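Have a look at the structure below, then the notes.
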């Protein structure tokens with residue numbers, strides 16, 4: 001997707017196989033290791049079979065960036081991603097509180113916030129997902145569909161409940 | 001040591017004492033992990049008094065072990081082991097999922113449980129934060145409720161933005177259902193909702209220790225490897241090879257419910273009275289109608305051969321399970337005379353929810369139904385159940401009697417082989433002739449009579465894991481389809497399906513080196529490493545006890561049923577030939593380094609440094625002379 005403009009990772013939860021190859025690809029790229037809890041995309045499975053790839057939705061108003069008291073968060077003009085300045089970040093967790101989906105988290109062994117940076121335009125998670133034909137994560141251009149991406153910034157519990165109702169039926173959703 | 005977290009956790013359930021232990025590199029180099037290491041630990045600690053150790057007593061151990069390749073090799077699994085309450089030997093029983101990954105990320109290569117608790121407990125691990133917790137509120141709960149309750153409790157503690165650091169993913173869980181709690185020897189150790197370590201009956205071992213569940217969350221990375229660049233490079237190639245398995249990925253093993261019957265004629269039909277059917281209603285296309293997820297897999301899996309089936313309407317509404325996969329299609333389908341997806345999905349979901357191994361309980365239900373068909377068991381014996389072939393409701397009712405240990409259920413809960421002995425005694429008939437088992441373990445759903453499927457004459461007769469279809473004996477013994485190869489994926493520990501491609505099998509040795517730094521050649525594996533595992537497993541099986549022992553002259557054999565000719569289908573008339581069976585067994589003994597009675601020879605054992613095994617087997621050698 002080299003024709004410029006903002007990009008977005010389209011997420012189709014019900015196609016997620018739960019293979020978590022996105023986590024492997026992401027953590028290898030960013031950490032040089034296989035590290036599930038340090039991956040910028042994390043697949044939650046609060047109910048077996050209901051897998052939720054959870055990652056930044058790049059809200060139009062970036063509440064996380066707004067909330068940062070030390071100016072450690074900024075946005076990329078090229079991709080629209082939220083960028084974290086590790087050195088400035090004080091791991092206060094204000095960005096987590098500000099995120100409607102509770103997507104950011106503090107690095108498991110370090111003191112800075114972790115947020116998807118869209119790999120500078122070529123997200124590894126999307127490649128891994130597409131390679132296996134699952135296509136739960138797909139790279140799309142951000143233009144051509146006027147939509148508030150913030151609506152995709154949902155907590156794993158909320159997404160899980162809705163998916164259970166859709167895949168397993170309303171009755172099961174009540175017991176979750 | 002590379003590829004390993006470097007420590008194990010040992011939990012004494014009697015005292016509640018929990019400690020970290022280390023295992024030396026020399027031992028790991030020889031026994032790798034998973035099944036191999038389980039065999040070594042069990043032999044060292046219990047070998048001297050093996051015959052006296054009650055698999056369901058406090059002396060037995062429960063081992064949950066990863067291997068160095070777990071997490072790096074696409075398709076991670078964990079190996080569950082201990083003294084098996086089915087075979088009285090050692091079974092390495094693996095289950096897919098994230099448990100092994102979370103465990104390694106928490107800093108542990110495995111868990112070792114000894115002793116027994118006095119009340120229901122579960123073990124909670126979050127990195128080095130380890131706690132034995134009360135499980136009184138979980139005891140008696142089915143799979144679905146156990147998982148949901150434990151997840152809810154976890155989420156309360158860690159889901160609400162723990163310590164301002166954001167959300168952690170849910171922990172992975174291994175647990176038992178009521179079947180394990182009631183010490184049913186056909187109970188599984190379960191993960192998610194349809195993932196089971198079924199062979200061996202370790203659900204009952206967990207139940208005997210009052211251990212309801214183990215949940216683990218690791219926030220660290222997988223351990224350091226010898227050469228990360230090479231590890232990633234080879235893993236990518238293995239992924240590529242796996243991704244080429246197009247239709248296997250699409251259908252998983254669920255296409256076999258039809259084809260194993262119609263084409264290879266090796267599928268259990270009504271307790272193996274037949275192995276052929278051509279019921280198109282059991283085609284994978286019919287199952288696809290129930291799939292709400294078309295690819296379902298575990299950590300790192302490129303194949304994602306599982307699918308999720310849901311019954312959304314009608315009387316069986318609410319059933320959720322996997323494909324079902326072939327083994328469950330066969331054992332909770334055709335083996336019970338069920339040839340439509342609904343009944344099969346329903347029974348599979350029920351077996352999962354109660355904590356049964358679908359294969360073992362399906363074997364048992366088919367056995368009971370044949371006894372009913374022949375009038376050996378009456379409707380009164382069965383508590384009023386009219387156990388007719390094809391009636392999913394009747395089989396469900398019997399499954400519930402078994403899990404409650406009510407009436408005949410109490411006897412059947414001991415598994416097909418032990419139930420057959422008891423029924424023979426009570427009814428004055430030979431019920432063993434209807435038991436399709438090997439060394440107390442219900443045989444996987446791949447028959448040998450047509451000779452069109454992968455198992456052969458010695459596959460189950462000589463396997464150290466009895467009826468386990470994922471660990472079959474084979475000659476030549478250094479073949480990728482032999483039991484010694486199975487020890488590689490069970491000790492690695494990773495999924496056998498990623499091992500299918502010849503390319504992967506070729507790459508595996510350099511992969512093992514890139515992860516561990518050890519140069520293990522196929523020659524070393526097949527001539528030494530795997531042989532040690534094989535012989536110790538064989539020794540444990542032969543020593544057996546305390547309730548049952550195996551005599552190779554009698555029990556190295558296939559079930560009587562398979563000497564009867566197939567009735568229907570293109571291979572009708574084919575049966576196992578007795579002379580050929582004896583010859584094949586002798587050939588296997590020679591290939592394995594066992595004497596003419598199937599005992600590992602002194603020379604072979606001493607060559608491998610297994611002198612103590614040799615000494616323990618001497619009295620068996622003498623008694624067979």
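The values are calculated or read from the model by the stated rules, or taken from the named source; none is laboratory data. Because the structure is predicted, anything quoted here is derived from the model rather than measured. Here Cβ is always computed from backbone atoms with ideal geometry, including for glycine, and neighbour counts include all displayed protein chains.
Table for the structure above
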read-out: Filter pass, residue B:351 being in the same structural domain as residue B:426 (by TED's automatic domain parsing), touching a helix residue (DSSP H, G or I) at 6+ places or on another chain (Cβ under 7 Å), part of a helix (DSSP H, G or I) and on the phi < 0 side of the Ramachandran plot; value: yes
read-out: Matching entry among B:621, B:580, B:549 (being out of contact with any strand residue (DSSP E or B) (no Cβ under 6 Å at 6 or more places or on another chain), free of Cβ contacts under 8 Å to residues at least 40 places away in the same chain and surrounded by fewer than 19 Cβ atoms within 10 Å (Cβ to Cβ)); value: B:621
read-out: Any chance residue B:125 is outside the structural domain of residue B:356 (by TED's automatic domain parsing) and under 25 Å from the mean Cα position of the chain (by Cα); value: yes
read-out: Selection count, region A:113-141, where residues are part of a loop (DSSP other than H, G, I, E, B), away from chain B (no Cβ under 11 Å) and more than 21 Å from residue A:61 (Cα to Cα); value: 2
read-out: Residues of region B:488-522 classified as more than 22 Å from residue B:537 (Cα to Cα) and assigned to a helix (DSSP H, G or I), total; value: 18
read-out: Residues of region B:289-303 satisfying the condition of being touching a residue at least 24 places away in the same chain (Cβ under 8 Å) and surrounded by fewer than 23 Cβ atoms within 10 Å (Cβ to Cβ); value: B:289, B:290, B:291, B:294
read-out: Qualifying positions in region B:249-270 - surrounded by fewer than 20 Cβ atoms within 10 Å (Cβ to Cβ) and within 13 Å of chain A (Cβ to nearest Cβ); value: B:250
read-out: Subset of region A:116-150 (residues that are under 20 Å from residue A:13 (Cβ atoms), free of Cβ contacts under 8 Å to residues at least 24 places away in the same chain and surrounded by fewer than 14 Cβ atoms within 10 Å (Cβ to Cβ)); value: A:145, A:147
read-out: Conditions (1) over 19 Å from residue B:351 (Cβ atoms); (2) buried (at least 24 other Cβ atoms within 10 Å of the Cβ); (3) touching a residue at least 60 places away in the same chain (Cβ under 8 Å): number failed by residue B:453; value: (2)
read-out: Residues (crowded, with 18+ Cβ neighbours inside 10 Å and over 19 Å from the mean Cα position of the chain (by Cα)) located in region A:73-95; value: A:89
read-out: Scope region A:83-103; condition within 12 Å of another protein chain (Cβ to nearest Cβ) and within 11 Å of residue A:72 (Cβ to Cβ); matching residues; value: A:90, A:91, A:92, A:94, A:95
read-out: Residues satisfying the stated conditions in region B:90-107, i.e. touching a strand residue (DSSP E or B) at 6+ places or on another chain (Cβ under 6 Å), away from chain A (no Cβ under 11 Å) and over 30 Å from residue B:548 (Cβ atoms); value: B:99, B:100, B:103
read-out: Residue check, residue A:23 within 9 Å of chain B (Cβ to nearest Cβ), in a helix (DSSP H, G or I) and under 22 Å from residue B:232 (Cβ atoms); value: yes
read-out: Test result for residue A:162, under 30 Å from residue B:75 (Cα atoms) and assigned to a loop (DSSP other than H, G, I, E, B); value: no
read-out: Number of the exception - residue A:110 against (1) more than 7 Å from chain B (Cβ to nearest Cβ); (2) more than 14 Å from the chain's Cα centre (by Cα); (3) not in a loop (DSSP other than H, G, I, E, B); value: (3)
read-out: Test: residue in region A:159-169 that is surrounded by fewer than 19 Cβ atoms within 10 Å (Cβ to Cβ), at pLDDT 90 or above, away from chain B (no Cβ under 12 Å) and farther than 20 Å from residue B:309 by Cα; value: no
read-out: Number of positions in region B:475-520 that are within 13 Å of residue B:74 (Cα to Cα) and within 15 Å of the chain's Cα centre (by Cα); value: 6
read-out: Residue within region A:18-27 that is buried (at least 22 other Cβ atoms within 10 Å of the Cβ) and more than 21 Å from residue A:107 (Cα to Cα) present; value: yes
read-out: Search result, residues across region A:35-63 that are touching a residue at least 60 places away in the same chain (Cβ under 8 Å), in a loop (DSSP other than H, G, I, E, B) and at the interface with chain B (Cβ under 9 Å from one of its Cβ atoms); value: A:35, A:49
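Residue-by-condition table, conditions (1) assigned to a helix (DSSP H, G or I); (2) buried (at least 24 other Cβ atoms within 10 Å of the Cβ):
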{"residue": "B:286", "(1), (2)": "yes, no"}
{"residue": "B:306", "(1), (2)": "no, yes"}
{"residue": "B:309", "(1), (2)": "no, yes"}
{"residue": "B:313", "(1), (2)": "no, no"}
{"residue": "B:324", "(1), (2)": "no, yes"}
